[in-house]
Amino acid sequence: MTKQINGLKNDFKTCPMCGSNKIENHGNRKWICPECGFDLYNNVAAAVGVVIRDRYNNVLFEIRAKQPRKGYAAVPGGFVDFDESAEEAAIRECREEIGVEVKEVKFLCSAPNTYEYKNIEYKTCDIFFTAELPPQFETIDDFIKSLKAEESEVAGFASYKVESLEDIEKIPLAFESARYTLKKMISKE
Ligand SMILES: [Zn+2]
């Protein structure tokens with residue numbers, strides 16, 4: 001029996017350890033095998049995003065090259081690796097995705113998110129930081145000309161103005177956690 005949530009299959013039909021078909025699904029959060037004692041928790045995954053903005057309130061976005069949400073806009077970021085801090089992940093993702101060595105990131109806020117990949121629904125806790133636009137660049141558009149996209153992840157770059165709720169609604173954002181974060185950012189100012 002396969003249970004579906006939002007049309008997605010987050011389930012095992014058989015125990016991955018012993019192959020028993022008696023494995024129990026507890027709300028797609030936990031699986032228990034009564035045959036061998038296998039016990040698996042579906043915990044929230046940590047992910048990061050980095051907001052880079054110029055003095056005119058333009059923010060850097062990547063256009064996603066792959067699913068989920070291919071073609072939509074996201075700030076540079078990704079999943080936190082094993083044995084890595086969120087700050088380290090944020091700096092690494094900037095290095096990998098846009099080819100920029102960010103010196104420092106500052107915590108902005110965090111927000112829950114849902115990430116659908118190959119018919120599996122992952123729940124994440126997205127942790128957002130800000131990073132300074134390198135001083136040699138006046139605008140995000142100037143900055144974009146210098147960036148080197150990681151082709152497997154990034155189809156291109158875009159600059160969107162983020163000054164009002166209306167501005168944020170117009171951005172074709174890949175993930176609601178980024179929308180929440182941008183709203184939070186302008187509400188603090
Ligand atoms: Zn088992």
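The values are calculated or read from the model by the stated rules, or taken from the named source; none is laboratory data. Quick caveat: nothing in here was measured; it's all calculated off a predicted structure. Cβ sites come from the backbone with ideal geometry, for glycine too, and all protein chains shown count toward neighbours. Calculation scope for accessible area: heavy atoms of the full protein, side chains included, ligands and nucleic acids excluded. Shrake-Rupley method; radii C 1.70, N 1.55, O 1.52, S 1.80 Å.
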Any hit, the range 113-135, residues being on the phi > 0 side of the Ramachandran plot and modelled with pLDDT of 95 or more: no
Within the range 85-98, identify whether any single residue is of a type outside the set (A, V, I, L, M), in contact with a helix residue (DSSP H, G or I) (Cβ under 8 Å, 6 or more places away or on another chain) and modelled with pLDDT of 95 or more, and answer yes or no. no
Exactly one condition in (1) under 24 Å from Ile144 (Cα atoms); (2) under 13 Å from the mean Cα position of the chain (by Cα); (3) at pLDDT 95 or above is false for Ser110; which is it? (1)
The one condition in (1) under 30 Å from Glu189 (Cβ atoms); (2) assigned to a loop (DSSP other than H, G, I, E, B); (3) open to solvent by less than 80 Å² (accessible area, probe 1.4 Å) that Pro68 fails to fulfil: (1)
Restricting attention to the range 162-189, which residues are touching a residue at least 24 places away in the same chain (Cβ under 8 Å) and either of a type in the set (Phe, Trp, Tyr) or crowded, with 17+ Cβ neighbours inside 10 Å (or both)? Val162, Ile171, Leu173, Ala174, Phe175, Ser177, Ala178, Tyr180, Thr181, Leu182, Met185
Output the number of residues of the range 39-56 satisfying the condition of being farther than 16 Å from Ile120 by Cα, open to solvent by 40 Å² or more (accessible area, probe 1.4 Å) and not in a strand (DSSP E or B). 2
Scanning the range 28-48 residue by residue, those β-branched (Val, Ile, Thr) and within 15 Å of the ligand (Cβ to nearest atom) turn out to be Ile32
One residue is enough: does the range 92-114 have a residue meeting the conditions within 25 Å of Arg29 (Cα to Cα), open to solvent by 70 Å² or more (accessible area, probe 1.4 Å) and not charged (D, E, K, R)? yes
